[in-house]
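The block underneath contains the structure these notes are about, expressed in C-alpha cells.
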Amino acid sequence: MLGKQPTRNQLSSTLPIVNQLRFFKKIFCILFALVFSQAAFSQEKLTINGYVKDGETGETLIGASVFIKELTTGTTTNEYGFYSISIPSGSYTLEFSYIGFANEVKSVNLTQNIKLDIELGESVKDLIEVVVTSEAADHNVSDLQMSVNKLDISTIKKVPSLLGEVEIIRSIQLLPGVSSVGEGATGFNVRGGSIDQNLVLLDEAPVYNSSHLFGFFSVFNPDAVKDVKLYKGGIPSRFGGRLSSILDVRMKEGNNKKLSLTGGIGTIFSRLSVEAPLIKDKASFIVAGRRSYIDLLASPFLTDDLDGTVLNFYDLTVKTNYNINEKNRIFLSGYLGRDNFGFGDNAGFNWGNGTGTFRWNHLFNDRLFSNLTLFYSNYDYSISFGGDSNRFDWDAKIINYSAKPEFAYYINPKNIIRFGGQGIIYEFEPGNAVGGSEGETQDISLDKQYAIEAAAYLENELTFGKFEMNYGLRLSHFNYTGKGNAYEFGDAPAGTRRPVIGFEEYDQWESIETYLNLEPRLALKYQLDKSKSLKASHMRTAQYIHLVSNTAASTPVDVWTPSTNNIKPQTANQVALGYFQNFKENSFELSAEVYYKDMDNLLDYIVEPNPDLLLNEFYEGDVLAGNGRAYGLELMLEKKKGQFTGWLSYTLARTELKVDGINNNDWYPTRFDQTHNLSLTAFYQTKKRWSFSANFSFISGTPVTFANGGYYQQGYFIPHNSNETRNNARIPDYHRMDISATLEGKKNIDRRWQGRWVFSVYNLYNRRNAFSVYQRQDNNRTPIGQAVSTGSYQLSVIGSIVPAVAYNFEF
C-alpha cells in the first residue's frame, strides 16, 4: 500500500497543465480579438429581431428562414425560434418561410431598431402579401453545415415501423452513416463510433439509454417531440463530450392558443398527450405519457411460477413555459421513463432515465441573445433474483448536474459570434450489490466515483462572397476526484490482466487525475451556383466517460465509468468533404460525402483470462486501450415534392481497431463494422384519404470471431482459434422490407376530432435475419468411438412477419 504523499498530478502533471493553459489562453485571446473586432464595423446599422411561430399553436419554429429581398441575404431562427438581423437603415421587404407553412411577406421602413414577431399561417394580421407555395427550401445547398440530418416529426410519423408505432431512433437509422448491430440492440452507431460515443440530448439533458424494450422503441414520445437534428460531423464548438455524434431532440412547448389532445391506441402500447395555454399567448404546458400492456394482455394465461409476471415500459414527458416579457422567457421540462421485466417474485430487472431541465432565454439588447440551461440527468438499473433465504440484489446508476450559459451576438446577417461554457458534476455508482444465502448476507458493493467536467467555447459564423465558414475552439477540462481509492497497476504481457501493485486513498472532491483538451472545429462552404455547393469540415472531439461492455451488443445493464488515472479520455479527429446539388426547383436533393476519422484511447478488453468487468473494483486492469479508424462514402438522394416522395441512402464504410495484445497487434474490424448499408424509404399520398409508405434496408453482415480448429477433452470438443484473430468472419447479410397504409378520417371544419388508422407489416417477406452466429457441440451425448457433432447456429430476434394496426387521433 502506498502512503499519503504528493501525487504525480500534484507534482509532475501540474507544470504541463499550467503551460497548456497559458498556450490556450493566448489562442482564445487571438480568436476573441479577431471575431469581436468585426463588431466595430457594424455599429451604425439597425436591428430587426423577434420570434417566428406557428400561428395555429404558438410553437416557435426552429430553422425558419428570414430573407431580405433587397439585399439578397438573410438568416434562420435559432433553437428557440429567435432571429436578429442588423442592416443599414432603409425600406426593405422581409420574407418569412418554413417548410409546410404559407410564406409571409412584410414591408418595413427601418429608421430605428424594430422587434417583429411573426406567426406563420392565416391568423397573422396586417400582412402586405401572402404567398402559398409548396417549393422546398434550398437548405441542402445553401446551409453551411454538412453531415447534419434534420428529420421533421411529421416525416418520422410516416415511416413504417414495428407494430405501427412512431419510432425516432429507428427512423434515423435510415439515414447515411447511421446503423445498428441488429434488431434488439440498444442505441445506434454513427460513422464507426460505438453507442456511447453519441450524445443524446432531450431538451439539452443527456439521455444515457435511448431505448425501450431492448432497442425496439425509443424513449421519445413522438407526440411531445418538436424537432430532431443529428450532427455526424463538423459539430460546432458549442457541443462537446462525445466523439461521434450529437442527437439533439427538442420538445414541444405546448399549445398556447387552445386545448389540444393527441394520442393513439396500438398493438403494444397506447399514448396520450395534453397541451393547453395557462395564460393565452403567454404561458402553456404539455403532458405526454405512454404505457405498454403486454403483461396485462398476457396475465390471464400466466399461472404457477409465472403468476405476477411484469413485462412493461412507460414514460412521462412534461414541459411548461412562461413568457415573462419581451426580453425574458423561461422553460421547465422533465422526463421519466422505465422498463420493467419481472418473472414472479423471484427474478427481475428494470432500468430507466430521468431528466429535468430549466432554461432561461434573455435578450440583453437587440443583438445579444442568451440562454442559461440547468439540467439534472439520472440513468439507473437494478437486477434481483432468488427467494427469501437465497437472494441477490444489484443496482447501479450515473447522475449528472450541469449549468450551461450560452450567448449569441448577431453582428449582421453575415456574421454571428457564439460563446459560452458548461460545467458538469458526475456521480457514478458502478454497483450496490448484496447477496444472501441461508440467512447470511454479504455486501459486495463498489465505491462511488466522482468527476467534474468543464468547458468553454467560442465560435464565429462568417460569410464573405461565395464562401461561408464557422470556425471555433472548445477547451475542455476533466477532473477525476475522490472520495475513493486510486489503484496503480503493474506491467503484464500484452492482452493479459495487469496486477494491482498499490493504491492511494483520496478525500471527497480531492483531485486524482486531470485532463485538458483543445478541440478546434471548422466548417466551410463554397457556393458554386444557386443549385450547387462544396462543403468541408474538421473537428477534434474528446470524451471523458466510457461505457464498459464486452457483449456482442450493449445492454441496459452495462456500466459507465469516468476517465481515471488508468483510463485516458477518448479523442478523435474527423475530416469530411461533400458535394451538394438540388434539381428541378429543389424537388430533388443530392448529397455525397466522404469522411475519415482517427480515434485514440478506445477501450477493448483482455483476452487472458476472460475479462471481469462487473462488480470488480480492479476492472481497470482488464481494460486495454487502442487506436481506431473509420472512413467511408455517404450518398443520399431525396425527392421533396409531389405525391410521391422519399429518399435513397447508401453508405460504404470501414471501421477498425488496433490494440496491443489482440489480433496479433494488427488492425481488425469492430463488431459494428458494416461495409454496405443501403436503405430506400418511399411515401405516396393519394388525392383522397389514403397514404402509403414503405422502406427497404440492406446491410452487410457484421463481424464475428469463429474458431478455425479445436481439440477433444473428456468427450467434449473445445473450439480453438489458433491464429488468435479477432472478428475473422461475418454473419449473413441483413435485409428487410416494411410497409404501411394510413387512412385519414373524414375532414370536417366543424369537427375538431380527427382520427386516422395505420395498418403496417414489419418484415414483409418473413426474413430471419441473424443477430448473432455461434458455434457449439450437439446437445446429445456422442457415443464412444464416434466423432463429436459440432455446428454453427444462428440467433434471430425477429423471424416472422409482424402485422399491426393502430388508431391515432387529434383533438
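Is it the case, given these coordinates, that Ile411 is open to solvent by less than 40 Å² (accessible area, probe 1.4 Å), modelled with pLDDT under 95 and touching a helix residue (DSSP H, G or I) at 6+ places or on another chain (Cβ under 7 Å)?
On the way: open to solvent by less than 40 Å² (accessible area, probe 1.4 Å): yes; modelled with pLDDT under 95: yes; touching a helix residue (DSSP H, G or I) at 6+ places or on another chain (Cβ under 7 Å): yes.
When the stated conditions are applied, Ile411 passes them.
Listed residues Gly578, Gly642; which is more than 21 Å from the chain's Cα centre (by Cα), surrounded by fewer than 21 Cβ atoms within 10 Å (Cβ to Cβ), without any contact (Cβ under 8 Å) to a residue 60 or more places away in the chain and within 30 Å of Lys150 (Cα to Cα)? Break it down into steps so the answer makes sense when it comes.
Numbers: Gly578 fails: without any contact (Cβ under 8 Å) to a residue 60 or more places away in the chain.
That would be Gly642, the only listed residue that is more than 21 Å from the chain's Cα centre (by Cα), surrounded by fewer than 21 Cβ atoms within 10 Å (Cβ to Cβ), without any contact (Cβ under 8 Å) to a residue 60 or more places away in the chain and within 30 Å of Lys150 (Cα to Cα).
Quick check: anything in segment 133-142 open to solvent by 20 Å² or more (accessible area, probe 1.4 Å), assigned to a strand (DSSP E or B), farther than 29 Å from Asn371 by Cα and modelled with pLDDT under 90?
Of all residues in segment 133-142, those open to solvent by 20 Å² or more (accessible area, probe 1.4 Å) come to 133-135, 137-140, 142.
Still in the list and also assigned to a strand (DSSP E or B): none.
The answer is no, given that none of the residues of segment 133-142 is open to solvent by 20 Å² or more (accessible area, probe 1.4 Å), assigned to a strand (DSSP E or B), farther than 29 Å from Asn371 by Cα and modelled with pLDDT under 90.
Could you list all residues from segment 256-270 that are over 14 Å from Ala806 (Cα atoms) and either within 26 Å of the chain's Cα centre (by Cα) or not in a loop (DSSP other than H, G, I, E, B) (or both)? Steps first, answer last, please.
Going through segment 256-270, the residues over 14 Å from Ala806 (Cα atoms) turn out to be 256-261.
Scanning segment 256-270 gives Ser260, Leu261.
Pick from segment 114-125 the residues that are modelled with pLDDT of 90 or more and assigned to a loop (DSSP other than H, G, I, E, B): which of them is least open to solvent (accessible area, probe 1.4 Å)?
Top of the filtered list is Leu116.
Being touching a Ser or Thr at 6+ places or on another chain (Cβ under 9 Å) and buried (at least 16 other Cβ atoms within 10 Å of the Cβ) is the filter here, so list the residues in segment 100-113 that pass it.
Ala102, Asn103, Glu104, Val105, Lys106, Leu110
Picking from Lys584, Lys597, which residue would you name as being assigned by TED's automatic domain parsing to the domain that holds Ala396 and open to solvent by less than 40 Å² (accessible area, probe 1.4 Å)?
Values: Lys584 fails: open to solvent by less than 40 Å² (accessible area, probe 1.4 Å).
Residue meeting the stated conditions: Lys597.
Closer than 26 Å to Asn601 by Cα, touching a residue at least 60 places away in the same chain (Cβ under 8 Å) and buried (at least 21 other Cβ atoms within 10 Å of the Cβ): is that true of Leu475 in this structure?
yes
Which members of segment 405-442 meet the condition of being in a strand (DSSP E or B) and either out of contact with any strand residue (DSSP E or B) (no Cβ under 9 Å at 6 or more places or on another chain) or of a type in the set (Val, Ile, Thr) (or both)? It would help to see each step written out before you state the result.
Quick first cut of segment 405-442, residues in a strand (DSSP E or B) only: 405-412, 415-437, 440-442.
Residues satisfying the conditions are Ile411, Ile416, Ile417, Ile424, Ile425, Val434, Glu440, Thr441.
Here is a list: Asp733, Asp738. Which entry is in the same structural domain as Asn763 (by TED's automatic domain parsing), crowded, with 19+ Cβ neighbours inside 10 Å and more than 22 Å from Trp667 (Cα to Cα)?
Working: Asp733 fails: crowded, with 19+ Cβ neighbours inside 10 Å.
From the options Asp733, Asp738, the qualifying one is Asp738.
Given the structure, is Tyr711 in contact with a strand residue (DSSP E or B) (Cβ under 6 Å, 6 or more places away or on another chain), open to solvent by 40 Å² or more (accessible area, probe 1.4 Å) and farther than 30 Å from Gln777 by Cα?
Numbers: in contact with a strand residue (DSSP E or B) (Cβ under 6 Å, 6 or more places away or on another chain): yes; open to solvent by 40 Å² or more (accessible area, probe 1.4 Å): yes; farther than 30 Å from Gln777 by Cα: no.
No, not satisfied.
The values are calculated or read from the model by the stated rules, or taken from the named source; none is laboratory data. The structure presented is a predicted model; accordingly, all values stated were derived computationally and were not measured. Cβ sites come from the backbone with ideal geometry, for glycine too, and all protein chains shown count toward neighbours. With ligands, DNA and RNA removed, areas are computed over all heavy atoms of the protein, side chains included. Shrake-Rupley method; radii C 1.70, N 1.55, O 1.52, S 1.80 Å.
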